[in-house]
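Written out below as structure tokens is the structure these notes cover.
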Amino acid sequence: MSDPRRFWMGFTLVKGIGAARLQMLLSHFGDVETAWGASPAALKAAGLSEKLTERLVQVREQADLSRLLEQALASGIQVLTWEDAAYPPLLKEIDQPPPVLYLRGEITDEDGWAVAIVGTRRVSPYGRQVTEEIASFLAANGVTVVSGLARGVDAIAHAAALKNGGRSLAVLGSGVDRIYPPENRQLAEKMVGQGAIISDYPPGTPPEAPNFPPRNRIISGLSRAVIVIEAGETSGALITAGFAAEQGREVFAVPGNILAPQSKGTNKLIQDGARPLLNAKDVLDLLNLAQVSVQRQARKILPSDPTEARLLEALGPEPLHVDEIRSLTGLPIEQVSAALTLMELKGMVRQVGGMNYIAVREVQSGYET
């Protein structure tokens, strides 16, 4: 049986076929292998334009997908698709998530608690100090730091997280075998051991300018919040902040000198409604990340059970009082209270005051009946 990942890889080689068009083809043909091997007439009938159909046929005739997959795996490159359980659940929530992720290193459950730090390449001494302090604080509190491996703020954030024993993820605008800028290769290799370098571009893709703005949606998509530290008026960090806002992520901006060019973008973000970041702890408090290490340990020690499954079915984004939860589930109040206490430790639910609870939206019960 052929490895379907090779066909997913094939579609990433066809310029113009992204998440939306690939989903259209999958809906029409049922699976990726059938879509890849479809006749030109069938592809056009599925809604693909004549130009894209010609492009797909040309790539299909020229590419040796089995060899490409073998080369990637032999180079230590993982290939994750929408169908893989290891695909990051937070990223999968965004509109049109990338169908394929190439990565070196590993994305783990721990990376479900991630915050992006982005900013200018021409960082000031003030920006360097703030970046180091925030990234170090987040890493020390078990939060994964996400950025783009660029010069300046990105590289400083990655390095500070790793130095403090934390995890870090870098999203590239090139193939994961084409590290850019070259002076950050050593940093990237460290990240492979304490996180991952990631791209939705296939191996061998050069770091061309048009590749970088689109990758920013992945940086924000992997993160629960985006922190912008120094950004000029046309900085790529502002693109990341825009994607974050569209994806429903919190956007923080560090206030800066109103006369400094590298602070014009961040100060404008604050003026437009971003949260001014005056203390890194504010990120933990707002996102309920203060007990990340406790939640992780609780998830390892305390497995899901039928009671937790029933409570999760009853709970949603709107607060419910413990008495209402008891009534909806038909469980004894003592059992409900005890289970909710454990579930809060796991980060599955959150008490919002007055014995009212909500479900944390990304948590799914692992219990199977």
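Values computed for the structure shown
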item: Within the stretch 55-72, tally of residues that are part of a helix (DSSP H, G or I) and in contact (Cβ under 8 Å) with a residue 12 or more places away in the chain; result: 11
item: Count of the stretch 2-50 residues which are of a type outside the set (A, V, I, L, M, F, W, C) and in a helix (DSSP H, G or I); result: 14
item: Qualifying residues in the stretch 199-214 (those that are under 13 Å from ARG178 (Cβ atoms) and either among the charged types (D, E, K, R) or under 14 Å from the mean Cα position of the chain (by Cα) (or both)) - the one surrounded by the most Cβ atoms within 10 Å (Cβ to Cβ); result: SER199
item: From ILE107, ILE94, residue being of a type in the set (Val, Ile, Thr), out of contact with any Asp or Glu (no Cβ under 8 Å at 6 or more places or on another chain) and surrounded by fewer than 23 Cβ atoms within 10 Å (Cβ to Cβ); result: ILE94
item: Positions within the stretch 329-369 being among the hydrophobic types (A, V, I, L, M, F, W, C), within 17 Å of ARG310 (Cβ to Cβ), modelled with pLDDT of 80 or more and out of contact with any Phe, Trp or Tyr (no Cβ under 8 Å at 6 or more places or on another chain), in sequence order; result: LEU331, ILE333, VAL336, ALA338, ALA339, LEU342, MET343, ILE358, ALA359
item: Test: residue in the stretch 236-249 that is of a type in the set (Val, Ile, Thr), touching a helix residue (DSSP H, G or I) at 6+ places or on another chain (Cβ under 7 Å) and either in a loop (DSSP other than H, G, I, E, B) or surrounded by fewer than 21 Cβ atoms within 10 Å (Cβ to Cβ) (or both); result: yes
item: All positions within the stretch 68-91 that are aliphatic (A, V, I, L, M) and either in the same structural domain as ILE197 (by TED's automatic domain parsing) or crowded, with 17+ Cβ neighbours inside 10 Å (or both); result: LEU68, LEU69, ALA72, ILE77, VAL79, LEU80, LEU90, LEU91
item: Qualifying positions in the stretch 119-138 - surrounded by fewer than 24 Cβ atoms within 10 Å (Cβ to Cβ) and either touching a helix residue (DSSP H, G or I) at 6+ places or on another chain (Cβ under 7 Å) or within 24 Å of PRO88 (Cα to Cα) (or both); result: ARG122, VAL123, SER124, ARG128, GLU132, SER136, PHE137
item: Index of the failed condition, GLU230 passing every other in (1) closer than 17 Å to ALA155 by Cβ; (2) surrounded by fewer than 24 Cβ atoms within 10 Å (Cβ to Cβ); result: (2)
item: Yes/no for SER75 being hydroxyl-bearing (Ser, Thr, Tyr), more than 30 Å from GLU189 (Cβ to Cβ) and in contact (Cβ under 8 Å) with a residue 60 or more places away in the chain; result: no
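The values are calculated or read from the model by the stated rules, or taken from the named source; none is laboratory data. Quick caveat: nothing in here was measured; it's all calculated off a predicted structure. Cβ: placed from backbone, ideal geometry, glycine included. Neighbour counts: every protein chain shown.
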